[in-house]
Amino acid sequence: MRPAKDFFRPLAVGAPDPVHEVPARPSRAIHFFDPSNEKMASKIPDMVGPGSGAPDVLLGNLEDAVKADNKEAARAGLVRIAQATDFGPTQLWTRINALDSPWVLDDLTTLVTEIGDKLDVIMVPKVQGAEDIHYVDRLLAQLEAKAGLERPILVHAILETARGVANIEEICGASPRMQGLSLGPADLAADRRMKTTRVGGGHPGYLVRQDPDPQQPDKQRQTYQQDLWHYTIARMVDACAMHGVYPYYGPFGDIADETACEDQFRNAFLLGCVGTWSLHPKQIAIANRVFSPSVEDIRHARRVVAAMGDGTGAVMLDGKMEDDASLKQCLVMVELAEQLAAIDPELRKQYDAIEVDR
Ligand SMILES: CC(=O)SCCNC(=O)CCNC(=O)[C@H](O)C(C)(C)COP(=O)(O)OP(=O)(O)OC[C@H]1O[C@@H](n2cnc3c(N)ncnc32)[C@H](O)[C@@H]1OP(=O)(O)O
Ligand SMILES: O=CC(=O)O
Ligand SMILES: [Mg+2]
């Protein structure tokens, strides 16, 4: 661990100063694309915001899902797209190859020196502990200095190994570059020897069953499917909140099952995640819908804010007690709505039309 006095010092001479607080930029949908897939790549310039259908983040993926033979083409494709595109309010992220792969060094050196001024966040897969973040941190500082960048590129870790989960707090606090964490349910399931073969989502076998009725022992008992990812997401949310970084759900691989995708995203939103991945264009609308507070929630939150006056004491609203703590819950919603309204004109219209009565 670096001592506190050195934590915010640049790790290379000439590198930009680290940020002291991670900027709270909306990132409801982190939309993955394969820059080596020409058809997919050709759609990216038209997916840039502002606009309600746009993802908040476009992510050029270089790791899993890109064929080994296409790794170099993907890297070069991302450089081409980034140089040719004005991303406006949309963030540009990339997912580099794993730190033990033969491609990652070239990913970092090429991307930072060629398009470092366009890249907001680098997603690092299969992070095992703080040592992985320290490696990337120093290398990025050296490359930023070489490229003459004026702002630091942030780092996002994917949580997809048991060791990564065990080291979650030290990963979140490893560097001022840490922007957030995503759940990697496919790799994590494999690493933990879980028995689901799905990419995210539930499993019908993971359930609890209603107790037997002693009066009717043969009666069919209700079962309730449980969320396989609850424990991991809850840990992520706490570790991220503790370190002032942001938690995200990850991939939902059953592209056809939009209902279950929405449910999984909503569970993550309710628990504290700020966004999720979108693998297919139709998942963008789901993510944008789920990770934007509803008009009803914002109306209620604003009513509580208005009713609470100076923010202390207790009041009754619609038969329910509101106080300093519930006011803080409501302010989380109101602040998120303000950030989203700044980049999403349709949401702004909806939130602006809310009338607040006592
Ligand atoms: C476990 C993990 O690591 S998850 C993260 C890694 N995985 C990924 O990044 C996967 C990204 N997504 C994909 O590769 C694809 O969406 C697939 C393979 C899931 C499905 O692809 P397809 O079968 O081509 O989907 P589909 O036929 O519905 O595509 C419809 C259109 O959307 C385009 N499209 C599909 N996915 C994307 C995307 N992610 N971004 C932009 N456009 C896309 C297709 O090119 C197609 O264009 P067309 O209408 O001009 O023909
Ligand atoms: O990279 C994502 C995963 O689920 O694995
Ligand atoms: Mg993975």
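The values are calculated or read from the model by the stated rules, or taken from the named source; none is laboratory data. Note that the structure is predicted; figures quoted are calculated from it, not measured. When we count neighbours, we look across all protein chains shown, and the Cβ atoms used for this are built from the backbone with ideal geometry, even at glycine.
For residue 108, state whether it is within 16 Å of ligand 1 (Cβ to nearest atom), crowded, with 23+ Cβ neighbours inside 10 Å and in contact (Cβ under 8 Å) with a residue 12 or more places away in the chain.
No; evaluated as a whole, the condition is false for this residue.
Only one of 85, 94 is of a type in the set (Ser, Thr, Tyr), away from ligand 2 (no atom under 16 Å from the Cβ) and either surrounded by 21 or more Cβ atoms within 10 Å (Cβ to Cβ) or modelled with pLDDT of 95 or more (or both); which?
85
Kindly indicate whether any position in region 126-140 is surrounded by fewer than 17 Cβ atoms within 10 Å (Cβ to Cβ), aromatic (Phe, Trp, Tyr) and modelled with pLDDT of 95 or more.
Yes, some residue in region 126-140 is surrounded by fewer than 17 Cβ atoms within 10 Å (Cβ to Cβ), aromatic (Phe, Trp, Tyr) and modelled with pLDDT of 95 or more.
Filter region 237-266 down to the residues that are within 16 Å of ligand 1 (Cβ to nearest atom) and more than 15 Å from the chain's Cα centre (by Cα) and list them by number.
Answer for region 237-266, where residues must be within 16 Å of ligand 1 (Cβ to nearest atom) and more than 15 Å from the chain's Cα centre (by Cα): 253, 254, 255, 256, 257, 258, 260, 261.
Of 149, 183, which residue is touching an Asp or Glu at 6+ places or on another chain (Cβ under 9 Å), within 15 Å of ligand 2 (Cβ to nearest atom) and over 18 Å from residue 2 (Cβ atoms)?
Every option except 183 fails the conditions.
For residue 260, are the conditions met, namely being small (Gly, Ala, Ser) and over 24 Å from residue 169 (Cα atoms)?
The answer is yes for residue 260.
Give all pairs with beta carbons closer than 8 Å in which a residue from region 263-286 that is under 16 Å from residue 181 (Cβ atoms) meets a residue that is charged (D, E, K, R) and more than 16 Å from ligand 3 (Cβ to nearest atom); count only pairs at least 6 apart in sequence or on separate chains.
These pairs meet every condition: 274/28; 275/28; 275/56; 276/28.
Condition check ((1) touching a Gly at 6+ places or on another chain (Cβ under 8 Å); (2) buried (at least 22 other Cβ atoms within 10 Å of the Cβ); (3) more than 20 Å from residue 97 (Cα to Cα)) across all residues:
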| position | (1), (2), (3) |
| --- | --- |
| 155 | no, yes, no |
| 165 | no, no, no |
| 184 | yes, yes, no |
| 190 | no, no, no |
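Do you know which residues across region 157-186 are farther than 18 Å from residue 93 by Cα and within 16 Å of ligand 1 (Cβ to nearest atom)?
Listed by number, the residues that qualify are 160, 161, 164, 185, 186.
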